[in-house]
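First up is the structure itself, then whatever we jot down about it.
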Amino acid sequence: MSKYKLVIFDMDGTLADTSPGIVNCVRYTQRKMNLPEISLEQMYSHVGPPMEESYNRNFGLTGDELKRAVEFHKEYAVMQGYKEIRWYDGIPELLGELRANGIVTAIATLKAHETVLKILDHFDMTDKFDIVIGTSTETPMNKCQLLKYCIEKTGIPKSNTVLVGDSSYDAVGAEECSIDFLAVTYGFGFKQQGELDLYKKIGVCKDAREISQIVM
């Protein structure tokens with residue numbers, strides 16, 4: 001029997017390849033605000049981190065201009081971008097297996113909460129998760145705070161909780177929250193072995209099957 005009673009997933013790069021929608025959100029924002037062109041590498045760096053951080057890093061936006069960029073990004077996301085994703089192979093089956101074994105499943109993501117709900121509804125995936133929490137402009141939260149929300153809502157001990165994620169934001173958030181972290185390498189955050197060596201983890205997975213083997 002698994003020691004884990006609560007499995008929390010990151011969204012971008014862990015459950016789904018959301019990069020097409022995110023890139024199109026950035027391009028939409030560029031057109032709306034007449035922002036300069038950036039490299040493809042910079043464009044993909046918007047996948048995962050908070051929107052504010054990405055627009056500040058790549059375009060130097062601050063204050064009201066940064067807020068406008070985030071609003072335009074979210075505008076496209078809820079209008080069209082939420083449809084422009086692909087679930088990674090084996091993820092729906094993995095979620096079904098976890099729930100069939102009585103494990104509580106959750107999403108804790110730095111993606112906008114409204115967008116995540118639209119994604120799940122559009123792809124008929126809402127019933128795959130017991131708890132879903134994303135960020136909002138009104139009540140911004142870091143990764144650790146999102147994780148604590150999931151833990152408090154379920155009442156499941158931290159010792160029986162694991163976060164599955166693909167980036168340093170996930171690894172750091174799990175450590176700050178004192179829960180186990182399981183890294184995946186098929187996403188966007190971890191591309192070199194050296195990066196993974198920097199963080200505590202219970203394992204490294206290259207696909208959904210390996211997640212199941214470790215968690216179960």
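The values are calculated or read from the model by the stated rules, or taken from the named source; none is laboratory data. All of these numbers come straight from a predicted model, not from anything done at the bench. Glycine also receives a Cβ, built like all others from the backbone with ideal geometry; neighbour counts cover every protein chain displayed. With ligands, DNA and RNA removed, areas are computed over all heavy atoms of the protein, side chains included. Shrake-Rupley method; radii C 1.70, N 1.55, O 1.52, S 1.80 Å.
Accessible area, 1.4 Å probe, largest first: how do GLU52, GLU114 sort?
Sorted by accessible area, descending: GLU114, GLU52.
To test your reading of the geometry: what angle, between 0 and 90 degrees and rounded to tens, separates the Cα axis of helix 113-122 from the longest principal axis of the chain?
Tilt of helix 113-122: around 70 degrees.
If R₀ is 45 angstrom, what is the calculated FRET efficiency for the pair ASP124 and THR62, using the beta carbon separation as r and rounding to 0.05?
0.70
Would you mind pulling out the separation of the Cα centroids of the range 1-66 and the range 154-209, in Å?
Rounded to whole Å, the Cα centres lie 19 Å apart.
Considering only DSSP beta bridges with both partners in the chain, what is the antiparallel share in %, to the nearest 5? Don't skip to the end; give the middle numbers.
Numbers: 2 of 22 bridges.
Bridges in the chain that DSSP calls antiparallel: roughly 10 percent.
In percent, what relative contact order does the range 54-125 have, based on Cα pairs under 8 Å that are 6 or more apart in sequence?
Across the range 54-125, relative contact order equals 34 percent.
Select from GLY194, GLY21, GLY96 the residue whose mean-square fluctuation is largest in a Gaussian network model of the chain (Cα-Cα springs shorter than 10 Å).
GLY194
Mean residue ellipticity at 222 nm from the helices of the chain, using -39,500 (n - 2.57) per DSSP H segment of n ≥ 4 over the full residue count, to the nearest 500 deg cm²/dmol?
-13500 deg cm²/dmol
Is the C-alpha gyration tensor of the range 173-216 telling us rounded, prolate or oblate? Criteria: a/c under 1.5 is rounded; beyond that, a/b larger than b/c is prolate, otherwise oblate.
oblate
For Kirkwood radius over Cα pairs in Å, several values are listed as [x] 21.5; [y] 19.6; [z] 17.5; flag the one computed from this structure.
It is the one labelled [z].
Taking the solvent-accessible surface of protein heavy atoms with a 1.4 Å probe, what is the per residue accessible area of the chain in Å²?
47 Å²
Once the Cα atoms of helix 19-33 and of the chain are each reduced to a long axis, what angle between those two axes, in degrees from 0 to 90 to the nearest 10, is obtained?
With both axes taken from Cα atoms, the answer is about 20 degrees.
Taking a threshold of 18 Å on the Cα-Cα distance, which of the pairs LYS3/LYS158; LYS158/LYS206; LYS5/LYS111; LYS83/LYS148; LYS143/LYS201 fall above it? Before the final figure, lay out each step's value.
On the way: LYS3/LYS158 11 Å; LYS158/LYS206 25 Å; LYS5/LYS111 24 Å; LYS83/LYS148 29 Å; LYS143/LYS201 16 Å.
LYS158/LYS206; LYS5/LYS111; LYS83/LYS148, as the Cα separations exceed 18 Å there.
By accessible area of protein heavy atoms, probe 1.4 Å, what ranking do THR137, THR115 get, highest first?
Output order, biggest surface exposure first: THR137, THR115.
At a threshold of 8 angstrom on Cα-Cα distance, excluding pairs fewer than six apart, so keeping six or more, what relative contact order does the chain reach in percent?
27 percent.
Measure nothing fancy, just the Cα-based angle from helix 143-154's long axis to the longest principal axis of the chain, in degrees from 0 to 90, nearest 10.
Tilt relative to the chain: about 40 degrees.
With a ≥ b ≥ c the root eigenvalues of the C-alpha gyration tensor of the range 81-171, is it rounded (a/c under 1.5), prolate (a/b larger than b/c) or oblate?
Working: a/c = 1.56, a/b = 1.02, b/c = 1.53.
The shape class here is oblate.
Could you look at the range 53-108 and say what percent of its accessible area is carbon and sulfur, using a 1.4 Å probe and all protein chains? Display every interim value, and only then the final one.
Numbers: 1280 of 2640 Å².
In the range 53-108, the share of accessible area belonging to carbon and sulfur is 48 percent.
Ordering PHE181, PHE59 from largest to smallest accessible area (1.4 angstrom probe), what's the sequence?
PHE59, PHE181
Place a point 7 Å from the Cα of GLN213 along the Cα-to-Cβ direction; which residues of the range 151-185 have their backbone N under 17 Å from it?
Residues 182-185 fall inside that zone.
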